[in-house]
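Structure, as structure tokens:
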Amino acid sequence: MTDNRIRKVLIVGGGTAGWMAAAAMARVLKNQYCEIQLVESDSIGTVGVGEATIPQIQLFNQMLGLDENEFLRNTYGTFKLGIQFDHWGQIGERYLHAFGGVGKDMEGVSFYHYWLKLFQSGEAPGLDQFTLNCLAAEKERFMRPVDAGNSPLSDIAYAFHFDATLYAMFLRDYAIERGVQRREGKIIDVSLNADDGFIESITLDDGDCLSADLFIDCSGFRGLLIEQALKTGYEDWSQWLPCDRAAAVPCSKVTDPTPFTRATAHKAGWQWRIPLQHRTGNGHVYCSQYISDDEAVSVLLGNLDGEPLSDPKLLRFTTGKRKRFWNKNCIALGLAGGFMEPLESTSIHLVQSGIAKLMSLFPNRNFDQEDIDEYNRQVNFEYDRIRDFLIAHYCITRRDDSDFWNYCRTMPIPETLQQKIAQFKKNGRIFRTNEELFNDLSWLEVMHGQGLRPRAYHPIVDTLSKDEIVRRLDSIREVVQRSVDYMPTHQKFINDNCRAKSM
């Protein structure tokens, strides 16, 4: 029988995406299944904005067998319970999109429908009072889940903030220890097969020619292989996500790190705040049609906690995705595949998800088109549904204080998002389609947090009397409060478990 397996994988580009791919392949393609090589150039900078994550990254780290405390010590990492949004629905308003559960479902119906009944009659406290992560974030408390039976402490959802450059270096060491070959150099040419258009090799600036069967493009916005060589095409989403630039700068730490990311809306975009153990990451994502670069930088520097530690770095981008993520024998990961602003910390997740789907559909040298089509179908669906979730932050707003927000509030939106919003408006119903990334609770927290109010609630809620609903909600609220009071502070948990050695 002919051995038709992939003999060599060549990853183009390092950074977070490249070294995540290299580490995962080194772990999965073990026992010298094939050669894995990564080419990167120290003279080419990386886009270091992906410092916040969502809970799914734990699955990636666990797959690699990483020790969580060691990983956090090496990346100056902190914990993340959710994202705080300031001034999105209206100036002066604030809410938290928290990870994890909200209340406790009853009688086969989601908890929030019972809460909606009381809220609509003006008798319910805020949704945050039933959400462990919201209250813990507010009080700056954190702990990992423990075996506490039916307590909320048994199921605490969390993610991380970390230095993305240090994470890439951490994974680089991991991958090289497991046989990945690192090659320094700039790519000056890409050779395609004259018959089928597949990539055959790349040429480096020192004249070396590197061939492979499978190429992973992690070259960033340039899309060196997927776009410049294969001319795959790009789907532009700027009509829905109009921000096209960002200014990023770290600043000194002035307080203990909070266990949440903050996204503060400004007149032509928004500003992120990501607390690490040793500093705070900041950036202003904005639309150049409504604000100049100089003014955007001024807004950023005027809203820092501490002193800036460098000059702001300016980035330009177009939100959207490649028309195909897998084209011939090339798969694009990270910024090479597409870009959606880091509003919900999905950038690193999309790398992780792309890697997982690739390993599930890992090819042989036949590169069967059916597998390629399935990969593209799955990744397209994930990008499209995340896109809708991000658009919702902009279009569900009552802000009318600037031309930018007037555009966002009134712009046409995709039909899939129209349906999601319309269904929620009527009876508070939210359905998760085909395991899309963000579940009903995430949509609830954002839509309600930004001021969208349904006219009714699930009718089965009325099988319980109002007095019984009040009694149950009071009990849930008390349990959540006691659980938060039991938790140590975020800083104490870091000090006791994963404080960076140089701190």
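What follows draws every value from the coordinates through simple rules; no lab data is involved. Here the structure is a predicted model, which means the values were calculated and not measured. All Cβ positions, even for glycine, are placed from backbone atoms using ideal geometry, and neighbour counts span all protein chains on display.
So which aspartates and glutamates can residue 8 reach, going by Cα to Cα under 15 Å and dropping same-chain residues fewer than 8 places off? Counting by Cα, and skipping residues close in sequence, residue 8 has these aspartates and glutamates nearby: 35, 200, 213, 217.
Using only side-chain charges placed at the Cβ, +1 for Lys and Arg and -1 for Asp and Glu, the dipole size of the chain relative to its Cα centre rounds to 800 debye. Of the residues 164, 136, 187, the one whose Cα sits farthest toward the positive end of the charge dipole of segment 108-244, with +1 on the Cβ of Lys and Arg and -1 on the Cβ of Asp and Glu, is 136. Which of 375, 315, 126 sits farthest toward the positive end of the charge dipole of the chain, with +1 on the Cβ of Lys and Arg and -1 on the Cβ of Asp and Glu? It is 126.
One equal scatterer on each Cα of segment 354-503, no solvent, Debye formula: the resulting log10 I(q)/I(0) at q = 0.16, 0.18 Å⁻¹ is -1.04, -1.08.
Packing, taken as the mean count of other beta carbons within 10 Å per residue, orders the peptides 304-312, 475-483, 349-357 from highest to lowest as 349-357, 475-483, 304-312. Where in segment 156-175 is the amide nitrogen less than 11 Å from a point lying 7 Å along the Cα-to-Cβ axis of residue 502? Within reach of a label on residue 502: 166. For residue 148, project a label point 7 Å along Cα to C-beta. Then give me every residue of segment 88-111 with its amide nitrogen under 17 Å of that point. Correct set: 99-104. Of the residues 105, 244, the one with the fewest other Cβ atoms within 10 Å heads the list, and the complete ranking is 105, 244.
Annotation: lysines with alpha-carbon distance below 28 angstrom to residue 267 (same-chain offsets under eight excluded): 80, 253, 313, 321, 420, 425. Using the Cβ-Cβ distance between residue 90 and residue 439 with R0 set to 22 Å, the FRET efficiency works out to roughly 0.30. For the chain, the mean residue ellipticity at 222 nm estimated from helices alone is -10500 deg cm²/dmol, where every DSSP H run of n ≥ 4 contributes -39500 (n - 2.57) and the total is divided by all residues, rounded to the nearest 500. Kirkwood-type hydrodynamic radius, segment 347-401: 13.3 Å, calculated from all non-identical alpha-carbon pairs. Here is the link list: 231/323; 30/501; 323/357. Which ones come out longer than 20 Å on Cα distance? Result: 30/501 exceed 20 Å. Legend: ranking of residues 113, 97 from fewest to most surrounding C-beta atoms inside 10 Å; resulting order 113, 97.
Among the listed options (i) 180; (ii) 156; (iii) 167, the one matching volume of the Cα convex hull per residue in Å³ as calculated from these coordinates is (iii). The label point for residue 384 and the one for residue 471, both projected 7 Å from the Cα toward the Cβ, are 4.8 nm apart. Counting 0.36 nm for each residue step from residue 41 to residue 208 and taking away their Cα separation leaves a gain of 58.7 nm. Dipole of segment 31-142, Cα-centred, from +1 at each Lys and Arg C-beta and -1 at each Asp and Glu C-beta, to the nearest 20 debye? The calculated dipole for segment 31-142 is roughly 400 debye. When you filter the trypsin sites (Lys or Arg not before Pro) in segment 1-101 for DSSP loop state and at most 10 other Cβ atoms inside 10 Å of their Cβ, you are left with 30. Segment 52-71 and segment 366-436 have their alpha-carbon centroids 27 Å apart. Listed from fewest to most Cβ neighbours within 10 Å, the set 117, 139, 231, 267 follows the order 231, 139, 267, 117. May I ask you to list the aspartates and glutamates whose Cα is less than 18 Å away from that of residue 492, ignoring any residue fewer than eight positions away on the same chain? Within reach: 68, 70, 138, 140, 256.
Taking Cα centre as origin and charging only the Cβ of basic (Lys, Arg, +1) and acidic (Asp, Glu, -1) residues, the dipole magnitude of segment 268-396 rounds to 380 debye. Distance from the C-alpha centroid of segment 262-301 to that of segment 160-203: 31 Å, rounded to the whole angstrom.
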